[in-house]
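Heads up: the structure comes next, in C-alpha cells.
Computed from the coordinates by the stated procedures, all read-outs in this text should not be read as laboratory data. These numbers come from a predicted model, not from an experiment. Here the Cβ is made from the backbone with ideal geometry for all residues, glycine too, and neighbour counts use every protein chain on show.
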Amino acid sequence: MNFHLTQMPDRLQKPRTHGITMVMDKGMSLEETRNFLSIAEPHTDIVKLGFGTSYVTPHLREKIELYKSHNIPVYFGGTLFEAFLIRNKFDDYIAVCKDYGIDYMEVSDGSITIPHAEKCGYIEKLTRVGTVLSEVGSKDATHIIPPYKWIELMRAELEAGATYVIAEAREAGNVGIYRGSGEVREGLVQEILTQIPEEKIIWEAPQKAQQLYFIELIGCNVNLGNIPPTEMLALEAMRVGLRGDSFHFFLDKKESK
C-alpha cells in the first residue's frame, strides 16, 4: 500500500484462495486490458471472459497470454461451456481449453437444463483437467430455487470436486441470489451460510450495494465475482473501509474518537 494507516482490516494478499475478486471481462481490447492490469493487477485474482465473448474476441490467444503473464488465471464464461454441451461437444470444449492454455473451467446450467447427477459428472471429469468453478442458480428470473435446494446443489458440486461454487446473479445482478430490483435475498444468503463454508462461495455482485452487503456480512475477505473492470479499485477501497459506505466497518470505536 502507498502509506500506513492503523485500524485496517487484515486483508489477505495474493496469491490467495480466500477473499478473491473475480473480474468480468465482457470485451476489453488488448490496450484496455494492459491499462486495466497496470492498475488492478494487485487486486485481481481471476478473470472471466464473460458468457460467450471468447468466441468473437479478436486476438483471443494474445489476450489470454497477457493475463497469464501477470499470473492471473482466465476462464471462459459458463455460457460457452453450455454452448458446447448442448451441441454434444464436451470433449471439444476440453480440447479448446487445452489449446488456449485455460486451466480454470466453469460448469453451469443457467441457460440449459442438465440433470444434476450429470452436471456433477462433468465437474468430476473436468477436475482431472484443471480447477473447476461450478455455478449454481438459473438465469431465468421466474425460476425460484428454494434455500434447501441451493444448499443441496452447492454441497453436491463441492463434493464432486468444484474448488468454488458461484452463486448466480448474471452480469446485471438481478436474478438468483437477488430480486429483480437487485436487492439481496437476505434469508436465502444467510441460510446458505449455515451449511456451506463462505470461503468456498463466490458471490456474483456486480452492483456496489451488493458488494457492500457481503463485505458487511462476511468481512473484507469475502469472495466476490462479476466485478466490472472499472470498479476494481473502488471495490478494494470499500473492502478495507476506505469508502464512505464502509468507512466505519473496521474502526475501533474507542481508538477512533
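The residue that is surrounded by the fewest Cβ atoms within 10 Å (Cβ to Cβ), among those in the stretch 100-120 that are free of Cβ contacts under 8 Å to residues at least 12 places away in the same chain and outside any loop (DSSP other than H, G, I, E, B), is 117. Taking the conditions (1) surrounded by 19 or more Cβ atoms within 10 Å (Cβ to Cβ); (2) at positive phi in turn, residue 134 satisfies each one other than (2).
Listed here are the residues, each with its yes/no results for (1) of a type in the set (S, T, N, Q); (2) surrounded by fewer than 13 Cβ atoms within 10 Å (Cβ to Cβ); (3) not in a helix (DSSP H, G or I).
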| position | (1), (2), (3) |
| --- | --- |
| 37 | no, no, no |
| 42 | no, no, no |
| 48 | no, no, yes |
| 62 | no, yes, no |
| 71 | yes, yes, yes |
| 81 | no, no, no |
| 95 | no, yes, no |
| 98 | no, yes, no |
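Only a single criterion out of (1) touching a helix residue (DSSP H, G or I) at 6+ places or on another chain (Cβ under 7 Å); (2) surrounded by fewer than 19 Cβ atoms within 10 Å (Cβ to Cβ) is not satisfied by residue 123, namely (2). Filtering the stretch 2-29 down to residues that are among the hydrophobic types (A, V, I, L, M, F, W, C) and part of a loop (DSSP other than H, G, I, E, B), which residue is surrounded by the fewest Cβ atoms within 10 Å (Cβ to Cβ)? So the residue we want is 3. For the stretch 54-80, a residue qualifies if it is closer than 15 Å to residue 111 by Cα and in contact (Cβ under 8 Å) with a residue 40 or more places away in the chain, and exactly one does: 78.
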